[in-house]
Amino acid sequence: MEPAGFQGSEALRLRVLQKYDGLSRAERSVADVALARGAGLIDCTIADLARESGVSEPTVVRFCNSIGFRGIKELKRAAVSVPTRAGPAGERVELGEVDSEEKLISFVLGHMQDALRETYETLDRQRLAAAIDLLEDARFLRVVGTGGSAIAARHAQHYFRRLGIPCATFSVYEPEEVVMERYDEGDVVLAFSMSGNTPLVVDIVADAKRKGARVICVTAWGENRLRELADVSLQTPFCGEGAVYGHRALERTAQVAVVNLLYAGLSLRRR
């Protein structure tokens, strides 16, 4: 969907990608053209964008509204507002280019910084507040995460316990244990999955929903099973195969950041 060599505002690119799955087919046509044009949107009128997208002018306006802009002027302004990347070493370094400790530091911290920046720019503030609301009223909190996401789950369990919320993770992820688990009114499940489709995590969440628990999920952008099941979905940047191919250790910084946001927000509520 995203053209190679996109030249334009990173903030606009992230906003379009975050909202893309929720757009209508016609609005997606406008999104594709907007991404293809990049900073060239500055020279577009509504009529130009409608013609290139094969849609009506009102659809262009609806697209602008759907991604959080009041109209074409705000869209154009966002398209040319290109922030500079402030990496630890001042430039982007990829894994194949690492040949010194200095470049290793730039590679690792730069990608972690990217994950945090994209989370800041795209995290839905209203959903964050709704998640804190659920945690504030939680009688019991069950935290779920396997594989790499277990890191974020353990982080969450530790800090929410410090706030006095009875909190636990599954000690052994066995199907029998999932079926035997009981939930009461006011119980909350906080589930982590980078893909949003991890079978065991989905099974645990679906079981909890059937038994009356409320669910917060922290998962990647786009449509996935956890997002469909959750009462509140907090989405972090989609990272493909990861900066270190086949692993998402650096990008997982965003999951931990969301836990910290929930913890700090709840701490403020409780003073």
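The values are calculated or read from the model by the stated rules, or taken from the named source; none is laboratory data. Computed from a prediction, not measured in an experiment: that's the story for all the values here. Heads up, the Cβs are rebuilt from the backbone with ideal geometry, glycines too, and the neighbour counts pull from every protein chain shown.
Residues are listed down the side, and each one gets a yes or a no for (1) among the small types (G, A, S); (2) closer than 13 Å to L190 by Cβ; (3) modelled with pLDDT of 90 or more:
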{"position": "S233", "(1), (2), (3)": "yes, yes, yes"}
{"position": "G240", "(1), (2), (3)": "yes, no, no"}
{"position": "A243", "(1), (2), (3)": "yes, no, no"}
{"position": "G246", "(1), (2), (3)": "yes, no, no"}
{"position": "A249", "(1), (2), (3)": "yes, no, no"}
{"position": "T253", "(1), (2), (3)": "no, no, no"}
{"position": "V259", "(1), (2), (3)": "no, yes, yes"}
{"position": "S267", "(1), (2), (3)": "yes, no, yes"}
On the basis of being at pLDDT 80 or above and at positive phi, does G196 make the cut? yes
So which residues in the range 15-40 are aliphatic (A, V, I, L, M), touching a Ser or Thr at 6+ places or on another chain (Cβ under 9 Å) and closer than 15 Å to K76 by Cα, if there are any at all? V30, A31, V33, A34, A39
Restricting attention to the range 111-134, the residues that are assigned to a loop (DSSP other than H, G, I, E, B) and either without any contact (Cβ under 8 Å) to a residue 40 or more places away in the chain or β-branched (V, I, T) (or both) number exactly 0
Out of all the residues in the range 107-130, is one or more over 20 Å from V258 (Cα atoms) and either buried (at least 16 other Cβ atoms within 10 Å of the Cβ) or more than 22 Å from the chain's Cα centre (by Cα) (or both)? yes
Of all residues making up the range 199-232, the number that are assigned to a loop (DSSP other than H, G, I, E, B) and either hydrophobic (A, V, I, L, M, F, W, C) or more than 14 Å from the chain's Cα centre (by Cα) (or both): 6
Looking only at residues in the range 49-68 that are of a type in the set (G, A, S) and within 29 Å of the chain's Cα centre (by Cα), which one is modelled with the lowest pLDDT? G68
Say we look at the range 153-169 and pick out the residues that are buried (at least 22 other Cβ atoms within 10 Å of the Cβ) and touching a residue at least 60 places away in the same chain (Cβ under 8 Å); which of these is farthest from S195 (Cα to Cα)? F160
By residue number, the members of the range 135-152 that are in a helix (DSSP H, G or I) and surrounded by fewer than 21 Cβ atoms within 10 Å (Cβ to Cβ) are E136, A150, I151
